[in-house]
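*Asks:* Have a look at this one before I ask anything.
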Amino acid sequence: MPSIPVPSSVHRRDSERFILELDRRLERFDRAILLAEWDLQCGRSKRGPAPWQLRRAALLSDDRILAWVRAALRRPWAYPLHRRIELLERILLDAQVEQHPDVVRRRSELQGKILAFRPRWKGRLVDRGAIWHQVEQNPREADRKRAHYVFEPLYRPLEDAMVELVRLRNERARALGYRTFAAMRLGFQGLTPERLVELSETAAHLARGRIRSLRDGFREATGQVEWHPWDMLYARYRRASLPDRLFPQRAMLPRILRAVGQWGFRTDRLRFRVVYHDTPFGGLTLAPDPPRDVRILVHPQGGWHRYMVMFHEVGHAVHSASIRAPRHLLRWHENIPGFGAFHEGIGGIFEDLASHASWLVEQPGVGRERAEAFAQRSRDDGSIDAAWHAQWLRVEQELYRNPERNPLEASQRLERAVFGYDGSPPLSFVDSFFVDDPTYASNYLLAILFGKQLTGTIRERLGDPIWPNRRVGPWLTRNWFAPGSLYDWMPRLTEVTGRPFGVEAFRAALSQ
């Protein structure tokens, strides 16, 4: 595709034409990239999006475009044109790092190896969901331990290549004036790496008491003296669980859409496609052309945990299908740097519905007593999840801060202080998320804090119960979904809730 003639000035008419043409070309590229990614994740193609990413990068690597955009941002444009230029600057900066040919090639090599891998369990090739099932539900500690380490033959040999990928990203970010790639990415969300560590460690230590209580109850119930990472999910499962047979796969989507409808969303008007296929992720939602073309990919299994994942992915899909912004840059919030925590926070609010006693009691065979016990356990699990995400993201942040050092040291210190595990060999620091979506791990911790703050405001404004409550959907759509990427999530959260982003809502939720 030929390059775009860059205007020699920032006069309004030339500027509007240039932005419109660049917006159109980005739309074609971004749609092609997501369609190729979809085919790759669904196992329909091994090619992946790299060829399209390289062509997009060639368009955006023209230094004259970034220079023009920065000159244009000094002019007092009216919204939404000024906002589109702001978003374009982020895309240009991020593309010059993550879509640089050297980065794309190295990332694609690692992605290919990760997607091609199938874990082996007791002599048989299985999907990733089967391994998760062993860690969560197998009463034999030896099997849980074996499942915990099952991906080591994949990840351990990739460590040198992962470090090289991190170095490449850092080098490109420094050339643009940033300390590290992680600092650049977090800056798009209004954060620094230091502020992220502060938030994550505070949230993790707030969960310490609940984790120690879970550990002590596990030891008492099982007679097992030692406490290891492969015991955590099982301890949570055995404390309160729901049989998989009560959540059949065939009923998953109808039940979840019915629940979402009780929030006031017109699910009959929101179009999205669902495909069931094994994936390295819990689930995946892509929007090649929001709001018209939105797609969900999840594992072909039932059980409560898969329902929870589907709630989360349907949240993303409802979000994308509700956007009413007019132009590409304002519609593609999930693909523009700076929206990850917001995006995952919305998914998390939907995901929480799977743990509401009011929803669980409506599911055939669950019953009120079991529903309320499980809902109580899930309230504890939210804080434990925050602690787990805190130590997970710390690995990646340390990797970008100093690729020459072992990135596990800081994470292991936090893990020992909060989780109290006995000694065991650490897993490899390589993770598929670190390859595919660099720094995205941070968004899951930020999303929990965001979700607690937004949920508290929903209760204040719209009243209890939070579900069913047909006022919630229209309120979310009006304030958060329809505008697309018109607003950055952190200042918007302060505007909507009246409070700055932080851990206070999370702290208050734990004290209830």
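The values are calculated or read from the model by the stated rules, or taken from the named source; none is laboratory data. Since the structure is predicted, the reported quantities are computational estimates derived from the model, not experimental observations. Here Cβ is always computed from backbone atoms with ideal geometry, including for glycine, and neighbour counts include all displayed protein chains.
*Asks:* Pick from A147, A173, A142, A130: which is in the same structural domain as S432 (by TED's automatic domain parsing) and in contact (Cβ under 8 Å) with a residue 40 or more places away in the chain?
*Replies:* Values: A173 fails: in the same structural domain as S432 (by TED's automatic domain parsing); A142 fails: in contact (Cβ under 8 Å) with a residue 40 or more places away in the chain; A130 fails: in contact (Cβ under 8 Å) with a residue 40 or more places away in the chain.
Testing whether each residue is in the same structural domain as S432 (by TED's automatic domain parsing) and in contact (Cβ under 8 Å) with a residue 40 or more places away in the chain leaves just A147.
*Asks:* Do you know which residues across the stretch 29-51 are closer than 11 Å to T279 by Cβ and either touching a Gly at 6+ places or on another chain (Cβ under 6 Å) or assigned to a loop (DSSP other than H, G, I, E, B) (or both)?
*Replies:* L40, C42, G43
*Asks:* In the stretch 87-110, which residues are farther than 16 Å from S485 by Cβ, of a type in the set (V, I, T) and in contact (Cβ under 8 Å) with a residue 60 or more places away in the chain?
*Replies:* Passing the criteria: V97, V103.
*Asks:* Test of understanding: among R144, R124, which residue is over 26 Å from D437 (Cβ atoms) and exposed (fewer than 15 other Cβ atoms within 10 Å of the Cβ)?
*Replies:* Numbers: R144 fails: exposed (fewer than 15 other Cβ atoms within 10 Å of the Cβ).
Matching residue, one of R144, R124: R124.
*Asks:* Tell me which residues, restricted to the stretch 480-498, are in a loop (DSSP other than H, G, I, E, B) and exposed (fewer than 14 other Cβ atoms within 10 Å of the Cβ). Spell out the reasoning first.
*Replies:* Step one: filter the stretch 480-498 for residues in a loop (DSSP other than H, G, I, E, B), giving 482-488, 498.
Once the filter is applied, which keeps residues that are in a loop (DSSP other than H, G, I, E, B) and exposed (fewer than 14 other Cβ atoms within 10 Å of the Cβ), the stretch 480-498 yields only G498.
*Asks:* What pairs come out if I take residues in the stretch 47-72 that are surrounded by fewer than 19 Cβ atoms within 10 Å (Cβ to Cβ) and pair them with residues that are aromatic (F, W, Y) whose C-beta lies under 7 Å away, six or more apart or interchain?
*Replies:* If the second residue must be aromatic (F, W, Y), the pairs left are R55/F29.
*Asks:* Determine, yes or no, whether G315 is on the phi > 0 side of the Ramachandran plot and crowded, with 19+ Cβ neighbours inside 10 Å. Write out each step before concluding.
*Replies:* Working: on the phi > 0 side of the Ramachandran plot: no; crowded, with 19+ Cβ neighbours inside 10 Å: yes.
No; evaluated as a whole, the condition is false for this residue.
*Asks:* Let me ask you something else. Can you pull out every residue in the stretch 190-209 that is in a helix (DSSP H, G or I), of a type in the set (S, T, N, Q) and more than 13 Å from Q391 (Cβ to Cβ)? Please lay out each step first, then the result.
*Replies:* Within the stretch 190-209, the first condition is being in a helix (DSSP H, G or I), and the residues that meet it are 193-206, 208-209.
Among the residues that remain, those that are also of a type in the set (S, T, N, Q) are: 200, 202.
Within the stretch 190-209, just T202 meets the criteria.
*Asks:* So, one more: Among the residues of the stretch 231-247, is any farther than 27 Å from E369 by Cβ and either surrounded by 14 or more Cβ atoms within 10 Å (Cβ to Cβ) or modelled with pLDDT under 95 (or both)?
*Replies:* Our first condition is that a residue be farther than 27 Å from E369 by Cβ; within the stretch 231-247, this holds for none.
Looking through the stretch 231-247, none of the residues is farther than 27 Å from E369 by Cβ and either surrounded by 14 or more Cβ atoms within 10 Å (Cβ to Cβ) or modelled with pLDDT under 95 (or both).
*Asks:* Pairs under 8 Å by beta carbon, first residue without any contact (Cβ under 8 Å) to a residue 60 or more places away in the chain in the stretch 359-379, partner loosely packed, with under 15 Cβ neighbours inside 10 Å and part of a loop (DSSP other than H, G, I, E, B), six or more apart or different chains?
*Replies:* If the second residue must be loosely packed, with under 15 Cβ neighbours inside 10 Å and part of a loop (DSSP other than H, G, I, E, B), the pairs left are V361/G367.
*Asks:* Also, I was wondering about something else. Counting only residues that are aromatic (F, W, Y) and within 24 Å of K113 (Cβ to Cβ), which one in the stretch 392-443 is surrounded by the most Cβ atoms within 10 Å (Cβ to Cβ)?
*Replies:* Start the filter on the stretch 392-443 by keeping residues that are aromatic (F, W, Y), which leaves 392, 400, 419, 421, 429, 433-434, 440.
Filter again for within 24 Å of K113 (Cβ to Cβ), leaving 392, 400, 429, 433-434, 440.
Details: W392: 19, Y400: 25, F429: 20, F433: 17, F434: 23, Y440: 17.
Only one residue tops the list, namely Y400.
*Asks:* Next question. So, A183, is that one at pLDDT 95 or above and either under 27 Å from V135 (Cβ atoms) or within 20 Å of the chain's Cα centre (by Cα) (or both) or not? Full working, then the answer.
*Replies:* Numbers: at pLDDT 95 or above: yes; either under 27 Å from V135 (Cβ atoms) or within 20 Å of the chain's Cα centre (by Cα) (or both): yes.
Criteria met by A183.
*Asks:* Looking only at the stretch 185-235, count how many residues are under 26 Å from V150 (Cβ atoms) and among the acidic types (D, E).
*Replies:* Total meeting the criteria: 2.
*Asks:* Sticking with this structure for a sec: Does L168 qualify as being hydrophobic (A, V, I, L, M, F, W, C), part of a helix (DSSP H, G or I), modelled with pLDDT of 95 or more and out of contact with any helix residue (DSSP H, G or I) (no Cβ under 6 Å at 6 or more places or on another chain)? Talk me through it step by step, then tell me what you get.
*Replies:* Values: hydrophobic (A, V, I, L, M, F, W, C): yes; part of a helix (DSSP H, G or I): yes; modelled with pLDDT of 95 or more: yes; out of contact with any helix residue (DSSP H, G or I) (no Cβ under 6 Å at 6 or more places or on another chain): no.
So L168 does not fit the description; no.
*Asks:* Name the residue that is farthest from V318 (Cα to Cα), counting only residues in the stretch 464-482 that are out of contact with any helix residue (DSSP H, G or I) (no Cβ under 8 Å at 6 or more places or on another chain) and either free of Cβ contacts under 8 Å to residues at least 60 places away in the same chain or not hydroxyl-bearing (S, T, Y) (or both).
*Replies:* D464
*Asks:* Also, quick follow-up: State which residue is farthest from P80 (Cα to Cα) when the search covers only the stretch 441-479 and only residues that are aromatic (F, W, Y) and either in a helix (DSSP H, G or I) or in contact with an Asp or Glu (Cβ under 8 Å, 6 or more places away or on another chain) (or both).
*Replies:* First pass over the stretch 441-479, keeping only residues aromatic (F, W, Y): 444, 450, 467, 475.
Restricting the remaining residues to those that are either in a helix (DSSP H, G or I) or in contact with an Asp or Glu (Cβ under 8 Å, 6 or more places away or on another chain) (or both) gives 444, 450, 475.
On the way: Y444: 29, F450: 25, W475: 22 Å.
If we take residues in the stretch 441-479 being aromatic (F, W, Y) and either in a helix (DSSP H, G or I) or in contact with an Asp or Glu (Cβ under 8 Å, 6 or more places away or on another chain) (or both), then Y444 is farthest from P80 (Cα to Cα).
*Asks:* Here is a follow-up. Go through V135, V166 for me and flag whichever is in contact (Cβ under 8 Å) with a residue 60 or more places away in the chain, closer than 26 Å to L191 by Cβ and not assigned by TED's automatic domain parsing to the domain that holds D62.
*Replies:* Values: V135 fails: closer than 26 Å to L191 by Cβ.
Only one candidate passes the filter, namely V166.
*Asks:* Any residue in the stretch 484-506 that is closer than 13 Å to F450 by Cα sitting within a Cβ distance under 6 Å of a residue that is among the polar types (S, T, N, Q)? List the pairs, counting only those 6 or more apart or interchain.
*Replies:* V496/N479; T497/Q453; T497/T457; P500/T494; V503/T202; A505/Q453
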